[in-house]
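The values are calculated or read from the model by the stated rules, or taken from the named source; none is laboratory data. What you see is a predicted model, and the numbers here were worked out from it, not measured in a lab. Heads up, the Cβs are rebuilt from the backbone with ideal geometry, glycines too, and the neighbour counts pull from every protein chain shown. Ligands, DNA and RNA are excluded from the accessible area calculation, which covers all protein heavy atoms including side chains. Shrake-Rupley method; radii C 1.70, N 1.55, O 1.52, S 1.80 Å.
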Amino acid sequence: MNSKRVLISGGAGFIGSHVVRLFVNKYPEVEVINLDALTYAGNLENLADIDNLPNYKFEKGDITDEEYINDLFKKYDFDGVIHLAAESHVDRSITDPLSFIKTNIVGTVNLLNAARNHWNGEYENKLFYHISTDEVYGSLGETGLFTEDTSYDPRSPYSASKASSDHLVRAYFHTYGMPVVISNCSNNYGPNQFPEKLIPLVINNIKNMKPIPVYGKGDNIRDWLYVVDHARAIDVIFNEGKHGDTYNIGGINEWTNIDLIRVMCRVMDRKLNREAGASESLITFVKDRAGHDRRYAIDSSKLMNELDWKPSLQFEEGIEKTIDWYLENEKWMKNVIDGTYEKYYNRQYEER
Ligand code: NAD
Ligand code: TYD
């Protein structure tokens, strides 16, 4: 690891918290600063197990605040940035596109500018790593995979805002010579995901015997990756990725939504000692998402061949682990649903 002080933006979110944990535990000599605005999706309870470690610090702040971000670079003299902070839910982007433009585009440019101002052309051992999504490539038909050379074709305000930020990060590489790297990952699942996303939503609804809303016919396809495997890929790319390059990260694990939900129903019937079929009876087909992308599937052979990464978990094991985590962490889910988690910051930080 070349970096001494790494800024991880969005570290209180789902994926960010797994990345922060991995870096704080694996690199005790590196100072990890988690910058997060603690929007509805940011939850410091995700990091309660590591927040007393000496190489971890939390800073509450907004990536769109220019003065604040410049001051933060002066305060910490970061040499590495791993940028995950974003508005991340497609359904929210359909009802409120502007907040996606502000955070995902303006916020990213703001971080790029602060890094550029602070590093001032001295780029040795510096790196700006931008975390993106496979959704920038658009929607696939029945066959084919997204590669790093697939043309961008975003179709939701979320994916359009992420595509735009990817282009801007590349522009800073070509125009200013800033060392950057980008990765585009498929759908993640695992502990600590906010229950507006499909998998935790389904677990929570099954547990509470509530209807499971399936958009359209349930035949849309996603490629699911266990979140810890994404964090492992981020570690490898941050340390060994070629500057200026893009890496696709995927699970080699395609499921139609309805098949995925049926598997989850069967696992949960078993874990909750329910009669076979009890959970499946909750499946309810609802109005489709506007502009719903049909299929995402990733070719991660570049990452696997060049940097020797591969997913560590089979899906069957990953989904069992995930369901077990949610069943064992009822309080986490309860706090998220009733909003208690938002008070954690005050308890944990302001009243200290
Ligand atoms: P998340 O919504 O769980 O977390 C986002 C975090 O960013 C939250 O902690 C939130 O408080 C913070 N944040 C939002 N706006 C901010 C702002 N203006 N300033 C500072 N912090 C702010 O998202 P996630 O699922 O963990 O995704 C993290 C990143 O990974 C995103 O960039 C997303 O596009 C990308 N990604 C996600 C997936 C997925 O399946 N979830 C897949 C591929 C890529
Ligand atoms: P989601 O978890 O929102 O991720 P993304 O849209 O970024 O892929 O949704 C995953 C898939 O599940 C997507 O095809 C939409 C579908 N979906 C439902 O059918 N019902 C739901 O309640 C949700 C949230 C998603």
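Annotations for the structure displayed:
- Checked against the criteria, MET264 does not count as within 20 Å of the chain's Cα centre (by Cα), assigned to a helix (DSSP H, G or I) and surrounded by 12 or more Cβ atoms within 10 Å (Cβ to Cβ).
- Of the helices (runs of 4 or more DSSP H) lying entirely inside region 279-342, the ones with 3 or more residues being of a type in the set (Phe, Trp, Tyr) and touching a residue at least 60 places away in the same chain (Cβ under 8 Å) are found at 315-328.
- If you go through region 218-249 and keep only what is open to solvent by less than 30 Å² (accessible area, probe 1.4 Å) and within 13 Å of ligand 2 (Cβ to nearest atom), you end up with GLY218, ASN220, ILE221, ARG222, ASP223, TRP224, LEU225, VAL227.
- Subset of region 104-128 [within 30 Å of HIS292 (Cβ to Cβ) and open to solvent by less than 30 Å² (accessible area, probe 1.4 Å)]: ASN104, GLY107, THR108
- In region 39-70, residue farthest from PRO28 (Cα to Cα) [restricted to those that are surrounded by fewer than 19 Cβ atoms within 10 Å (Cβ to Cβ) and of a type in the set (A, V, I, L, M, F, W, C)]: ALA48
- Some residue of region 163-177 being among the charged types (D, E, K, R), crowded, with 19+ Cβ neighbours inside 10 Å and in contact with a Ser or Thr (Cβ under 8 Å, 6 or more places away or on another chain): yes
- Meets criteria (more than 16 Å from ligand 1 (Cβ to nearest atom) and either open to solvent by 20 Å² or more (accessible area, probe 1.4 Å) or under 19 Å from LYS321 (Cβ atoms) (or both)) for ASN204: no
- Boolean, SER151 is of a type in the set (S, T, N, Q) and within 26 Å of PHE14 (Cα to Cα): no
- Of the strands (runs of 3 or more DSSP E) lying entirely inside region 1-103, those carrying at least 1 residues that are more than 28 Å from ALA160 (Cα to Cα) are 5-9, 31-36, 56-60.
- Some residue of region 104-126 being within 16 Å of ligand 2 (Cβ to nearest atom) and either free of Cβ contacts under 8 Å to residues at least 24 places away in the same chain or touching a Phe, Trp or Tyr at 6+ places or on another chain (Cβ under 9 Å) (or both): yes
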